[in-house]
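Written out below as structure tokens is the structure these notes cover.
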């Protein structure tokens, strides 16, 4: 299974590099009038998938700063065989570097989610499902296609994840095998 993840990650990175090398030389920096975007992300900072809204809040020359927030629901099987859907909120800040349509995108985020864990009830010695808070920090290095005047929006990125256990005293972990792709519209 690890070989399959490594191959998929390598394929995404080669694709992103090929697109960036294929980009035409851009001679002058264009001011973005379409600073908003709505898009679907699969993988990436959302963990699985999310619908996101992003906004370019600063631009100067080739550099643009972007913030995004999203929403998703993760399916969770409970101990009593019932299915529950728990919310996920990915937040991200990225810097875009490029003159016109093609950009290098780098940044980080914070993704919070709810999940269930088993809790032992000491009076009855039964296990019960308990909803717990979880979070991870996604990092991003990737390619972003976005026209200054708006329209089709696309990005692909390498997004390793730093997982940390809030309030549980557990160990932090690093997952270097993660990537994501996004499609949407900027306006």
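The values are calculated or read from the model by the stated rules, or taken from the named source; none is laboratory data. In this text the structure is predicted, and so the values were computed from the model without any measurement. FYI the Cβ positions are ideal-geometry reconstructions off the backbone, even for glycines, and counts take in every protein chain you see.
Quick notes on this one:
- Matching residues, region 56-71, being closer than 17 Å to residue 140 by Cβ, more than 11 Å from the chain's Cα centre (by Cα) and surrounded by 14 or more Cβ atoms within 10 Å (Cβ to Cβ): 56, 64, 65, 66, 67
- Residue that is nearest to the chain's Cα centre (by Cα) [pool: residues in region 170-187 that are in a strand (DSSP E or B) and free of Cβ contacts under 8 Å to residues at least 60 places away in the same chain]: 175
- Of all the listed residues (138, 148), the sole one being touching a residue at least 40 places away in the same chain (Cβ under 8 Å) and assigned to a loop (DSSP other than H, G, I, E, B) is 148.
- Residue count for region 42-53, restricted to those that are under 15 Å from residue 110 (Cβ atoms) and part of a strand (DSSP E or B): 2
- Counting residues in region 74-87 that are modelled with pLDDT of 95 or more and either over 24 Å from residue 164 (Cβ atoms) or touching a helix residue (DSSP H, G or I) at 6+ places or on another chain (Cβ under 8 Å) (or both) gives zero.
- Answer from 169, 150 - the residue that is at pLDDT below 90 and either more than 17 Å from residue 113 (Cβ to Cβ) or out of contact with any helix residue (DSSP H, G or I) (no Cβ under 9 Å at 6 or more places or on another chain) (or both): 169
- Residue 104 modelled with pLDDT under 85 and part of a strand (DSSP E or B): no
- Residues that are at pLDDT below 95 and exposed (fewer than 14 other Cβ atoms within 10 Å of the Cβ), drawn from region 17-55: 17, 18, 21, 22, 24, 25, 26, 27, 28, 31, 33
- Residue within region 56-73 that is under 22 Å from residue 129 (Cα atoms) and either modelled with pLDDT under 95 or touching a helix residue (DSSP H, G or I) at 6+ places or on another chain (Cβ under 9 Å) (or both) present: yes
- Tally of residues being assigned to a strand (DSSP E or B) and either in contact (Cβ under 8 Å) with a residue 12 or more places away in the chain or under 16 Å from residue 156 (Cβ atoms) (or both) across region 54-99: 32
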